[in-house]
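The structure under discussion appears below in the form of structure tokens.
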Amino acid sequence: MPHKLNTAGRQHIPKMRHAVTNWREYEGGLRRRGSLTLWITPEAIAAWAATRRSTPGGQATYSDSAIQTCLMLRAAFKLPLRQAEGLMASVVELLGCELAVPDHTTVSRRAAKLTSIKRDPLPRGPLHVLIDSTGLKVYGAGEWQTEKHGRSRRKWRKLHLGVDARSGQIAAAVLTDQDVDDASQVGPLLEQIESPIEQVTADGAYDG
């Protein structure tokens, strides 16, 4: 297997040993990880069906909130659309709700038309902006072959972020190649922020 290549020459880091002394709380926490609690509010049930449209065209069966509920279940349990449909049907059956569940084709088609979630506005007043970057490795097809038959130069992208210090919200973001100088991205980051800026803090890599 590719990951076993040159195993003898790899650096081996010993596993950290941790002695558990509070077994009762530790086991209770492990059990709570498997706990599943789901409920549907009466307001969600009332808004499950789509409202009647007054314009020409076909009438939708399910509301946007119903489609979003199915998508949230899919994202939470990392399921394909068909399995997410089955899970949603099981939840409705267990709760005793008389609700029709959108099929996977309907969810897929409606998901592309849903209104994107708007980002919360930044706090009022001058901002204290924190600037930093992180490296993102670019994976490509056949990377395991590169590991097996010979190493090549790894490709990276840099994600530069400007974060509001008080709220922790991302105020600006720039994605660049790995060879782009960090200091050159201070201007593009600050240009994205419409609010007044009181202070900018960054590490030495951003000194122009």
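The values are calculated or read from the model by the stated rules, or taken from the named source; none is laboratory data. Owing to the predicted nature of the structure, the values given are computational and were not obtained by experimental measurement. Ideal geometry is used to build each Cβ from the backbone, glycine not excepted, and the neighbour counts take in all protein chains shown. Protein only, heavy atoms only, side chains kept; ligands, DNA and RNA dropped before computing areas. Shrake-Rupley method; radii C 1.70, N 1.55, O 1.52, S 1.80 Å.
Taking the conditions (1) surrounded by 11 or more Cβ atoms within 10 Å (Cβ to Cβ); (2) in a loop (DSSP other than H, G, I, E, B) in turn, Ile67 satisfies each one other than (2). Just so you know, in the stretch 1-39 the residues that are in a loop (DSSP other than H, G, I, E, B) and either modelled with pLDDT of 80 or more or among the small types (Gly, Ala, Ser) (or both) include one that is surrounded by the most Cβ atoms within 10 Å (Cβ to Cβ), and it is Asn22. Among residues of the stretch 23-42 that are closer than 23 Å to Glu93 by Cα, none has a beta-carbon under 8 Å from a residue that is at pLDDT below 80 and open to solvent by less than 70 Å² (accessible area, probe 1.4 Å) at least six positions away or on a different chain. Restricting to the stretch 179-202, name every residue that is open to solvent by 50 Å² or more (accessible area, probe 1.4 Å), farther than 26 Å from Pro121 by Cα and part of a loop (DSSP other than H, G, I, E, B). Scanning the stretch 179-202 gives Asp179, Asp181.
With respect to Glu147, is the statement that it is open to solvent by less than 70 Å² (accessible area, probe 1.4 Å), over 27 Å from Ala183 (Cα atoms) and at pLDDT 85 or above true? No: the conditions fail for Glu147.
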